[in-house]
1. Mind checking whether some residue in region 146-155 is exposed (fewer than 14 other Cβ atoms within 10 Å of the Cβ), away from the ligand (no atom under 16 Å from the Cβ) and in contact (Cβ under 8 Å) with a residue 40 or more places away in the chain?
2. ILE33 - would you say it is of a type in the set (A, V, I, L, M, F, W, C), buried (at least 17 other Cβ atoms within 10 Å of the Cβ) and under 20 Å from LYS125 (Cβ atoms)?
3. If I filter region 126-136 for residues that are more than 13 Å from the chain's Cα centre (by Cα), farther than 25 Å from GLU70 by Cα and open to solvent by less than 80 Å² (accessible area, probe 1.4 Å), do I get at least one hit?
4. Mind checking whether some residue in region 37-44 is more than 23 Å from TYR151 (Cβ to Cβ) and either not β-branched (Val, Ile, Thr) or not in a strand (DSSP E or B) (or both)?
5. Select from region 69-106 the residues that are in contact with a strand residue (DSSP E or B) (Cβ under 8 Å, 6 or more places away or on another chain), among the small types (Gly, Ala, Ser) and open to solvent by less than 20 Å² (accessible area, probe 1.4 Å) and list them in ascending order.
6. Just to be sure I understand the filter: pairs with C-beta atoms under 9 Å, separated by 6 or more residues or on different chains, first member in region 116-131 and hydrophobic (A, V, I, L, M, F, W, C), second member open to solvent by 90 Å² or more (accessible area, probe 1.4 Å) and not in a strand (DSSP E or B). Which pairs pass?
7. Being open to solvent by 60 Å² or more (accessible area, probe 1.4 Å), more than 17 Å from the chain's Cα centre (by Cα) and within 16 Å of the ligand (Cβ to nearest atom): is that true of HIS11 here?
8. Could you run through region 100-143 and say how many residues are more than 14 Å from the ligand (Cβ to nearest atom) and part of a helix (DSSP H, G or I)?
Amino acid sequence: MAILKIARMGHPVLMGTAQPVEDPKDPRIHGLIADMVETMADAPGIGLAAPQVHVPLRIVVFRVPGERCEDKKDVPLTVLVNPVIEVIGDEVEEGWEGCLSLPEMTGRVPRAVHIRYRAQGLDGKTFEREAKGYHARVVQHECDHLDGILYPMRMTDLSTFGFAEEMARAPRTIMADESDSEDGEAA
Ligand code: NI
């Protein structure tokens, strides 16, 4: 296992389309995923996509803490190989996001509230889950990395984009109308 170097915004590996994984059971893929999990824990972050560690493959790892979820249940460590997202309904909400590839930055990003996602696991078998709210946000953020999209490219109001430390100084009146005024966690 190893802690991998994380690519920052501007690096070409973050801007391209990642390639599908042919065999999720390949031990080299399992080795990469183990390193991604270790890198995510070290950062620390709640999600990481393979292009962020300079590997242009369609792999995502994430873990959502229960306090961020409506039902307060943790989403355990999840590995998505070749994930596909389907949006359910047309509800969109804004929330704070951060990204390990844009250290110290945060911004408000509109995302679909309700999704279904399908992916292969480490055993190569396809599984499917529905997700809402923060869980759905994390999956959308991570899967965007596989298509060269970073969260500022999804933002509609760049006045909410900035250094998290500076934005925490903002008078609460600016943030107080937000239902989720916690800073975005790096993903
Ligand atoms: Ni990210």
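1. Within region 146-155, not a single residue is exposed (fewer than 14 other Cβ atoms within 10 Å of the Cβ), away from the ligand (no atom under 16 Å from the Cβ) and in contact (Cβ under 8 Å) with a residue 40 or more places away in the chain.
2. Numbers: of a type in the set (A, V, I, L, M, F, W, C): yes; buried (at least 17 other Cβ atoms within 10 Å of the Cβ): yes; under 20 Å from LYS125 (Cβ atoms): yes.
Considered against the rule, which asks whether it is of a type in the set (A, V, I, L, M, F, W, C), buried (at least 17 other Cβ atoms within 10 Å of the Cβ) and under 20 Å from LYS125 (Cβ atoms), ILE33 comes out as yes.
3. Scanning region 126-136, I find no residue that is more than 13 Å from the chain's Cα centre (by Cα), farther than 25 Å from GLU70 by Cα and open to solvent by less than 80 Å² (accessible area, probe 1.4 Å), so the answer is no.
4. Taking region 37-44 as the starting set, the residues that turn out to be more than 23 Å from TYR151 (Cβ to Cβ) are 38.
Then drop every residue that is not either not β-branched (Val, Ile, Thr) or not in a strand (DSSP E or B) (or both), which leaves 38.
Among the residues of region 37-44, at least one is more than 23 Å from TYR151 (Cβ to Cβ) and either not β-branched (Val, Ile, Thr) or not in a strand (DSSP E or B) (or both), which makes the answer yes.
5. GLY95, GLY98, listed by residue number.
6. From region 116-131, the pairs are LEU122/LYS25.
7. Details: open to solvent by 60 Å² or more (accessible area, probe 1.4 Å): yes; more than 17 Å from the chain's Cα centre (by Cα): yes; within 16 Å of the ligand (Cβ to nearest atom): yes.
When the stated conditions are applied, HIS11 passes them.
8. Filtering region 100-143 for residues more than 14 Å from the ligand (Cβ to nearest atom) gives 108, 110, 112-136.
Next, only the ones that are part of a helix (DSSP H, G or I) stay: 133-136.
The total comes to 4.
The values are calculated or read from the model by the stated rules, or taken from the named source; none is laboratory data. Quick caveat: nothing in here was measured; it's all calculated off a predicted structure. In this analysis, Cβ positions are derived from the backbone assuming ideal geometry, glycine residues included, and neighbour counts consider all displayed protein chains. Calculation scope for accessible area: heavy atoms of the full protein, side chains included, ligands and nucleic acids excluded. Shrake-Rupley method; radii C 1.70, N 1.55, O 1.52, S 1.80 Å.
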